[in-house]
1. Restricting attention to the stretch 82-104, does a residue exist that is assigned to a loop (DSSP other than H, G, I, E, B) and at pLDDT below 95?
2. For the stretch 244-255, give me each residue that is surrounded by fewer than 19 Cβ atoms within 10 Å (Cβ to Cβ), closer than 26 Å to residue 289 by Cα and without any contact (Cβ under 8 Å) to a residue 40 or more places away in the chain.
3. Do we have any residue at all in the stretch 377-385 that's crowded, with 16+ Cβ neighbours inside 10 Å, out of contact with any strand residue (DSSP E or B) (no Cβ under 8 Å at 6 or more places or on another chain) and outside the structural domain of residue 125 (by TED's automatic domain parsing)?
4. Step by step: first the residues of the stretch 250-267, then only those that are touching a strand residue (DSSP E or B) at 6+ places or on another chain (Cβ under 8 Å) and outside any helix (DSSP H, G or I), then the one that is modelled with the highest pLDDT. Which residue is that?
5. Take the conditions in contact (Cβ under 8 Å) with a residue 60 or more places away in the chain, in the same structural domain as residue 361 (by TED's automatic domain parsing) and either within 21 Å of the chain's Cα centre (by Cα) or surrounded by fewer than 18 Cβ atoms within 10 Å (Cβ to Cβ) (or both) and apply them to residue 278. Does it pass?
6. If you go through the stretch 174-216, how many residues are modelled with pLDDT of 95 or more, within 21 Å of residue 326 (Cβ to Cβ), in contact with a helix residue (DSSP H, G or I) (Cβ under 7 Å, 6 or more places away or on another chain) and not in a strand (DSSP E or B)?
7. When you go through (1) out of contact with any helix residue (DSSP H, G or I) (no Cβ under 6 Å at 6 or more places or on another chain); (2) closer than 24 Å to residue 285 by Cα one by one for residue 239, which number turns out not to apply?
8. What residue, of 301, 284, is in contact (Cβ under 8 Å) with a residue 60 or more places away in the chain, assigned to a loop (DSSP other than H, G, I, E, B) and under 20 Å from the mean Cα position of the chain (by Cα)?
């Protein structure tokens with residue numbers, strides 16, 4: 001059933017839940033949160049035909065998304081982190097009158113008074129401060145940061161339960177907000193198997209990749225630490241007869257413009273390929289044919305892109321930080337993200353691997369990556385809904 005204006009439904013069975021999910025982040029253009037939203041919605045639709053779901057969607061995906069009969073789409077063309085989000089979203093949700101609402105990011109309207117659970121993907125903005133992490137003016141940045149802290153605290157304190165993608169994020173939340181361990185549930189994300197059978201020659205030529213290469217996919221925010229990756233690729237190429245490239249798959253914005261400037265300043269132009277946004281049918285091919293996925297981030301909530309790259313058929317080289325140790329365990333090649341020479345050393349080791357050694361490492365890594373499942377995550381999420389609903393019913 002589809003409708004563009006919400007209306008309340010009467011529930012005869014107390015065992016059935018009416019669940020509203022704020023899925024306005026649905027879509028790959030929303031990077032990690034977009035993939036999480038897609039994975040959760042598709043898996044819940046597959047495993048749960050009992051409960052009634054109401055899905056808030058932006059216009060782009062409202063007509064495209066086909067769902068089972070127990071799912072109802074609601075058009076909510078409201079920008080994220082906006083004044084209208086705070087003002088209008090509570091009204092839309094109130095008209096639906098759900099038993100429980102799931103916000104898939106911290107941006108919960110502070111005027112909302114219904115029962116809800118929230119997914120917290122990371123505490124990045126708690127850790128990353130300063131004007132280098134924004135394109136806003138100092139005054140606007142200060143106001144926005146105050147708003148962020150208020151909204152985030154509301155989401156943490158008022159939610160019935162908090163879902164996080166890793167134990168690292170759980171520990172950070174519990175420590176920072178002094179909340180009970182039982183309130184926070186770890187539900188590791190799943191991994192999509194990207195298409196890898198595309199025209200290799202055409203795709204490499206399209207992006208100007210004519211030598212062996214490492215690849216990164218994500219955004220160019222400061223915590224992604226691409227500056228040191230660029231420095232490392234320059235060091236790696238000193239004295240080499242055949243160049244090794246670094247391909248960066250990242251939608252263009254103010255932060256990629258800063259990256260382009262950095263590439264020029266460090267003399268790395270001939271080694272760097274800035275690809276812009278790359279669709280999945282090409283990204284999988286780029287992963288498969290790369291020397292490895294380079295992930296020099298200083299902070300993450302989970303590390304999904306590295307698992308996708310592994311399933312596509314390459315190795316992941318990443319920062320030696322706790323969340324990556326939790327996600328990739330012993331199947332990644334680790335380096336010190338604060339030391340470009342350490343990054344360079346890891347890349348050099350991977351570039352020199354014998355084919356049979358490399359194949360064995362990839363096979364081992366893929367066994368781990370396949371343990372991560374969107375269906376498993378959705379089942380854990382459904383249990384959170386059920387527990388939160390029971391808590392509501394018993395009060």
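1. To start, the set of residues in the stretch 82-104 that are assigned to a loop (DSSP other than H, G, I, E, B) comprises 82, 97-99, 104.
Narrowing further to those that are at pLDDT below 95: 82.
Yes - at least one qualifying residue is present in the stretch 82-104.
2. Within the stretch 244-255, just 252 meets the criteria.
3. So far as the stretch 377-385 goes, no, none of its residues is crowded, with 16+ Cβ neighbours inside 10 Å, out of contact with any strand residue (DSSP E or B) (no Cβ under 8 Å at 6 or more places or on another chain) and outside the structural domain of residue 125 (by TED's automatic domain parsing).
4. Kept after step one, since they are touching a strand residue (DSSP E or B) at 6+ places or on another chain (Cβ under 8 Å), are these residues of the stretch 250-267: 250-252, 256, 259-260, 263.
Now narrow it down to the ones that are outside any helix (DSSP H, G or I): 250-252.
Values: 250: 93, 251: 89, 252: 87.
Result: 250.
5. Details: in contact (Cβ under 8 Å) with a residue 60 or more places away in the chain: yes; in the same structural domain as residue 361 (by TED's automatic domain parsing): yes; either within 21 Å of the chain's Cα centre (by Cα) or surrounded by fewer than 18 Cβ atoms within 10 Å (Cβ to Cβ) (or both): yes.
So residue 278 fits the description; yes.
6. Matching residues across the stretch 174-216 total 10.
7. With (1) out of contact with any helix residue (DSSP H, G or I) (no Cβ under 6 Å at 6 or more places or on another chain); (2) closer than 24 Å to residue 285 by Cα applied to residue 239, the lone miss is (2).
8. Details: 284 fails: assigned to a loop (DSSP other than H, G, I, E, B).
Of 301, 284, the one residue that is in contact (Cβ under 8 Å) with a residue 60 or more places away in the chain, assigned to a loop (DSSP other than H, G, I, E, B) and under 20 Å from the mean Cα position of the chain (by Cα) is 301.
The values are calculated or read from the model by the stated rules, or taken from the named source; none is laboratory data. Computed from a prediction, not measured in an experiment: that's the story for all the values here. Using ideal geometry, Cβ is built from the backbone for each residue, glycine included, and neighbour counts are taken over all protein chains shown.
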